[in-house]
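Okay, so here's the structure we're looking at.
The values are calculated or read from the model by the stated rules, or taken from the named source; none is laboratory data. No experiment lies behind these values; they were computed from the predicted model shown. FYI the Cβ positions are ideal-geometry reconstructions off the backbone, even for glycines, and counts take in every protein chain you see.
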Amino acid sequence: MKPISFKRHRFRAEVIRYAVWLYFRFTLSIRDAEELLAQRGVEVSRETVRCWVLKFGPLIAANLRRRRTAPTGRWHLDEMVVKIGGRRMYLWRAVDDEGEVLDVLVQKRRNRPAALKLLRGLLKNQGVHPETITTDKLASYRAALRELGLTDRHRPGGMRENNRAEDSHLVIRQRERKQQRFKSQGSAQRFPSTHDAVYNCSNHQPHLISRPGLRTLRAQAHEAWAVATAAA
């Protein structure tokens, strides 16, 4: 875990941590985060909040990923269309069977090389070998998995079989509308990558666990955030 330096900033580290947490944890704009800070007596411009988000968001996300336990081996892959600068692009996403986001990738095409790039990144970074890989019926997945020698683990199906990945798109759709679409391919890649690390900490599925268990999980999530944002 790498400590984060908050030196040479006008505001205290607690304020910066809180502003970044608000932005990535909830469906808020930069202006919304500014208003919430102002209600708590912290007068800060939205440009400052934006700079905090860009500077500290990726650092915190990297620390959260280092604390993450190994995902399950049952993966779900899917892609969705995003409009960036008037151009049609695709946000590829991989989640496990518990809904934890494994990786996201923004690409200009929905073809075999794009699917191959996503799968190679997953195999390299996740530390586990997949038991099953569930996708929709897009032929690009089949071609990429054939090249990687994973055809026997492929489970092509319809929307119901791949609901885990489909549901995972909804949060990003909400943020895309809140931000009035992504402004560039870089921002479309950067925001989900950071957002998903924070989202994974709070992916508790409260309808499946008891209230005491939910309290324990929430306490663990806050502890993980505190450790990931520890100052140098």
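What is the residue count in the stretch 5-17 for residues that are outside any loop (DSSP other than H, G, I, E, B) and farther than 15 Å from S45 by Cα?
If we filter the stretch 5-17 for residues that are outside any loop (DSSP other than H, G, I, E, B), which is where we start, we get 13-17.
Still in the list and also farther than 15 Å from S45 by Cα: 13-14, 17.
Of the residues in that region, 3 qualify.
Would you mention how many residues in the stretch 64-79 are surrounded by 18 or more Cβ atoms within 10 Å (Cβ to Cβ) and either closer than 16 Å to D136 by Cβ or in contact with a Gly (Cβ under 6 Å, 6 or more places away or on another chain) (or both)?
If we filter the stretch 64-79 for residues that are surrounded by 18 or more Cβ atoms within 10 Å (Cβ to Cβ), which is where we start, we get 64, 71, 75-79.
Okay, now just the ones that are also either closer than 16 Å to D136 by Cβ or in contact with a Gly (Cβ under 6 Å, 6 or more places away or on another chain) (or both), so 75-79.
Number of matching residues: 5.
From the list L170, L214, which one is closer than 16 Å to F26 by Cβ and free of Cβ contacts under 8 Å to residues at least 12 places away in the same chain? Working first, answer last.
On the way: L214 fails: closer than 16 Å to F26 by Cβ.
L170 is the lone residue from the list that is closer than 16 Å to F26 by Cβ and free of Cβ contacts under 8 Å to residues at least 12 places away in the same chain.
Is the stretch 199-216 home to any residue that is of a type in the set (V, I, T), surrounded by 18 or more Cβ atoms within 10 Å (Cβ to Cβ) and over 19 Å from W92 (Cβ atoms)?
First pass over the stretch 199-216, keeping only residues of a type in the set (V, I, T): 209, 216.
From the residues that got through so far, the ones that are surrounded by 18 or more Cβ atoms within 10 Å (Cβ to Cβ) too are none.
No: the stretch 199-216 contains no residue that is of a type in the set (V, I, T), surrounded by 18 or more Cβ atoms within 10 Å (Cβ to Cβ) and over 19 Å from W92 (Cβ atoms).
Name the residue, out of A61, A33, that is within 30 Å of D136 (Cα to Cα) and either among the aliphatic types (A, V, I, L, M) or in contact with a Gly (Cβ under 7 Å, 6 or more places away or on another chain) (or both).
Values: A33 fails: within 30 Å of D136 (Cα to Cα).
That would be A61, the only listed residue that is within 30 Å of D136 (Cα to Cα) and either among the aliphatic types (A, V, I, L, M) or in contact with a Gly (Cβ under 7 Å, 6 or more places away or on another chain) (or both).
Could you list all residues from the stretch 81-98 that are buried (at least 17 other Cβ atoms within 10 Å of the Cβ) and of a type outside the set (F, W, Y)?
Hits for the stretch 81-98 are V82, I84, M89, L91, R93, A94, V95, D96.
Of everything in the stretch 30-61 that's of a type in the set (D, E) and surrounded by 15 or more Cβ atoms within 10 Å (Cβ to Cβ), which residue is farthest from R8 (Cα to Cα)?
Taking the stretch 30-61 first, the residues of a type in the set (D, E) are 32, 34-35, 43, 47.
Adding the requirement that they be surrounded by 15 or more Cβ atoms within 10 Å (Cβ to Cβ) leaves 32, 34.
Numbers: D32: 25, E34: 21 Å.
Filtering first and then ranking leaves D32.
Any idea which of A62, A19 is outside the structural domain of L102 (by TED's automatic domain parsing), touching a Phe, Trp or Tyr at 6+ places or on another chain (Cβ under 9 Å), under 16 Å from A228 (Cα atoms) and among the aliphatic types (A, V, I, L, M)? Break it down stepwise before answering.
On the way: A62 fails: touching a Phe, Trp or Tyr at 6+ places or on another chain (Cβ under 9 Å).
The unique qualifying residue is A19.
Please go through (1) part of a loop (DSSP other than H, G, I, E, B); (2) modelled with pLDDT under 80 for H129 and return the number of the only condition it doesn't satisfy.
Unmet condition: (2).
For (1) surrounded by 13 or more Cβ atoms within 10 Å (Cβ to Cβ); (2) in the same structural domain as R87 (by TED's automatic domain parsing); (3) of a type outside the set (S, T, N, Q), each residue gets a yes or a no:
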| residue | (1), (2), (3) |
| --- | --- |
| Q126 | yes, yes, no |
| D136 | yes, yes, yes |
| G149 | no, yes, yes |
| R155 | yes, yes, yes |
| R160 | no, yes, yes |
| T194 | yes, no, no |
| A221 | yes, no, yes |
